[in-house]
Structure formats: structure tokens, C-alpha cells
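Structure first, commentary second.
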Amino acid sequence: MKKSGLTFAIFGALILGVIVGWLFPAFAVKLHVLAEIFLRMVKMIIAPLLFATIVVGIAGHGDVKSLGRLGIKTIAYFEIVTTIALFIGLGFANLFKPGEGMVNIATAQTNLTKIAEMASATHHNSFGELILGLFPTSIFQSMADGNLLQIVVFCIFFALAVVAVGKKAQPVLDILNSVATIMFKFTEYVMYFAPIGIFGAIAYTVGSNGVEILFNYGKIILSLYTALAVFVLCVLVAACKIVKISMRALIKAIQEPAILAFTTASSEAALPKAMSIMEKFGVPKSIVGFVMPTGYTFNLDGSTLYLAMAVIFSTQLVGHNLSFEQQLVIMFALMLTSKGIAGVPRVALIVLAGTLTSFNIPIIGVAILLGIDQILDMGRTTVNLIGNCVATVVIARWENAFDYEKMSEFIKMRNLKINTLTKIEKHVSFQQDFSKVKE
């Protein structure tokens, strides 16, 4: 970790944020503005970056049939993996039973008002509304709202039109190619501010809730993070083995955006950097540009696993013993309702509340989970990111488009950089020791 300057700074900011939040809670609460500033800086990158990369990737490919094939394969993979995530969450919830014996009515009653306010601002989508929501009425509105899937749909139609026009559209492609290059450089500059934003986010979380919250809710936190770890180790590692890609090398490659996702609990914060890395890792630009944004609607592995566990937690909390058949029915409902939950803060809780209400289960568990949602969100957001990065590799391999030579070169250059930094550190250390001896 310490070989990467930005990674080390992010990790240091995380520890410093916890300390400041613990020792100076009143001051730490005011630092939330630092996190908001950083997240706004990231959000201003996403729309132009996606527009440029998706259009150039699809139009540069020039094969409309391959796009349809790519879409079918992508959705099929997403459905398989998220279904497995649901059953892992269900299994661990029944194994650990995190809701049994846990009562925090005072906290729950306080949070019920917040749940009601959030629910009034967010409507529960039906399947028809979900399909309708894919199509934007204005691309500028979609960009302003950060609706990734609407941006993807617009870009697909725009790219198809560019392909149809042919040579006359080449100047547009050249401009967008330059825009994509500029936006990736822009992303590097914004990432320098990541430690500051992360420090503010963590300090605010600990300052507003106290360190004690980690111990009071230890059982559900441990259950979720264990389930997430098992999902990564069993499902995502297996997917990488099938396509003959080193999961270890992939994790090392995306360690910076992964830590960024964990510390900010924001998928958007890590998306631009992750897309840039996956392209360098050997995944074609067209696949990265299509799979990653689409994955943040249909392939939220961590969020779907969490929803399955949260439903069982809520039923255990109020003493409802669901049969296996009832649990399967709820899991089937979550397979539909968990789609399209990205883009709205705390929206997983709204989906959870809607699901519980549909099955006449009290939503007191949602109110209790709200108190630690930031901590839970950190884990599930990180797994969402890793899952989507693995998805790009799997789909690229499925399309016989993954560049193994590019991956090997990326790993080689990364190792060379680390070895060079190590030699410099040893040289500096030797010079310092030698100076001390001379003195």
C-alpha cells in the first residue's frame, strides 16, 4: 500500500478522520463540507467522460450487431451474479441471525421520521416505470441528475447515428476522442483532493455517531462484511479463474478506486478512475464504456447482498420467522426491486422499506439500520465497484476482445514502478544512515 502515494494518503486520511471524529466530534461534524466538495468535483467529471468514452468506443468499433450481442451477454452475466449475491446474503443472515436479541427502540423512533422523509422524496419503481426511466427526455437533465443509465442509452443512439453518417461524422469522433483523453487527465487532478474529501467524510461519520456505534451494531456489521468477503472470494475469484485472469493482479490494479469507494461510500467517486484503469488493464474502451455504467444499475452485487441480509435482519428483529418458501418469494421480489437503485443517497433503505411493507413486515429494522448505513454502505459500495471491474474483464474475455499482452505490460510497468520506488527508498535510507555515522 505504501508504494502508492495516493493510496497511502487516502489510508492516512481515513485513520486521521476516525481520530478527529472521536476526539473532537463537534468540530468533525462541520467537516462534512469537505466530503461534499470532493464528491461534487467527481460528479462534474462523470457526464462528459461517459459521453466521450461510450460514443468513441461504440462508433469506433463500427459493428452494430456486436453491440446487441454485448448487451445480451452483459445482462445475462449481471443476472447470474446478482442472484448468487442474493442467496449468499440470505444464507449468512440465517446463519448469523444478526437481528435476534437486538433492541434499540430509542434510535429507531428517532430515525423513523428520516425514513418517512426519504420515502416521500423517492418513489418505488414498478417494472414498467423502470423501463420507462431508461429513456431520457433531455440528455442535459440526465447529466445534471447523474442518471448513468439514461446517459448510456442516449450515447448508444448517438453512436449508432455517427456510424450511419460515416466519414462526415469523423470530426465529431476526433473531438470526442480528445475530450476523453482530457477528462482522464482531469480525473487525475481531481483525485489529488481525494484524501481531503475522505478525511471530512470519515470525521463527520464518527463525530456525528460516535465510535461506540461500531460496537453497538457489531453483529450486523460483522455479518455483512463476512458475507461480502465470501462473495468476493468465492464468486468473483471464480469468475476471474474461468477467464484466466489473476484476481490478485486485478485487485492490485484497482486498489486506489476501491479504497476511494470504501472511504467515501460513493460509487461515483471511484467510477472515472476505475474506468481508466480497466482500459489500461486490457479491456477495450467500448466494453468499459458500456459495461461499467450499466453495471451501476444492474450489477450492484454488494447492494443486492445487503438487501437480502437486511430483510431477514428486519424480520428477526420483530420476531417474524419466515419459512424458506417465504424467503424465496422475497428474494424474487428483490431481484426486480434492486435494479436501478443507484444514484440516490440511502436509496437501498427505501427499497428495503418498500419490500418490507409489501410483505406486511414492520419497518422498524430500516430505522435501526439507518444509524449505521454509512458504515454498511462503505463495504457494499466497494464490492459493487470490484464486481463491475470483474464484469468488464469477463465480458471482454467472452467477446474474445481482452488484451492479455496489454494486461501483462500494465502489471510489468506497475511492478517496475514499485521496484524503482523501493530502490529509491533504500538509497535515501542508506544516505541518511551514512550521514548519521559521519556525524
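Read-outs: derived from the displayed coordinates by stated rules, not from any lab. The structure displayed is predicted, hence computed values, not measured ones. A quick note on method: Cβ atoms are made from the backbone with ideal geometry, for glycine too, and the neighbour counts reach across all protein chains shown.
Can you check what the net charge comes to around GLY302, using other residues whose Cβ is under 14 Å from the Cβ of GLY302 (Lys, Arg +1; Asp, Glu -1)? Write out the running numbers ahead of the final one.
Values: positive: ARG380; negative: ASP301, ASP373, ASP377.
Result for the neighbourhood of GLY302: -2.
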(message) To make sure I understand, if each residue's beta carbon is the centre and we count other beta carbons within 10 Å, what order do LEU34, LEU134, LEU271 fall in, fewest to most?
(response) LEU134, LEU34, LEU271
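Rounded to the nearest whole Å³, what is the per residue volume of the convex hull around the Cα atoms of the range 150-208? Intermediate values should be presented prior to the final figure.
Numbers: hull volume 4.7 nm³, N = 59.
In the range 150-208, the Cα hull volume divided by residue count equals 80 Å³.
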(request) List, in order, the whole-Hz ³J(HN,Hα) value for each residue of the range 262-275 obtained from phi through the Karplus relation with A = 6.51, B = -1.76, C = 1.60 and θ = phi - 60°; use x for Gly and Pro. (result) 5, 6, 9, 6, 10, 5, 5, 5, 9, 4, x, 5, 5, 4
(message) For a quick check: sort GLU399, GLU36, GLU405, GLU279 by the number of other beta carbons within 10 angstrom, fewest at the front.
(response) GLU405, GLU36, GLU399, GLU279
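Sort VAL318, VAL20 so the one with the fewest other Cβ atoms within 10 Å of its own Cβ comes first.
Values: VAL318 13, VAL20 20.
Neighbour counts put them in this order, fewest first: VAL318, VAL20.
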(request) Could you work out the local net charge near LYS406, counting Lys and Arg as +1, Asp and Glu as -1, over the other residues with Cβ closer than 10 Å to its Cβ? (result) -3
(message) What translational diffusion coefficient, to the nearest whole µm²/s, does the range 224-295 have by Stokes-Einstein, given a Kirkwood radius computed over alpha-carbon pairs, a temperature of 25 °C and 0.890 mPa s viscosity?
(response) 187 µm²/s
(message) Less than 12 Å Cβ to Cβ from ILE221, Lys/Arg counted +1 and Asp/Glu -1: what total charge do the surrounding residues give?
(response) 0
(request) Can you tell me the dipole magnitude for the range 151-243 around its Cα centre, using point charges on the Cβ only (Lys, Arg +1; Asp, Glu -1), in Debye to the nearest 20? (result) 300 debye
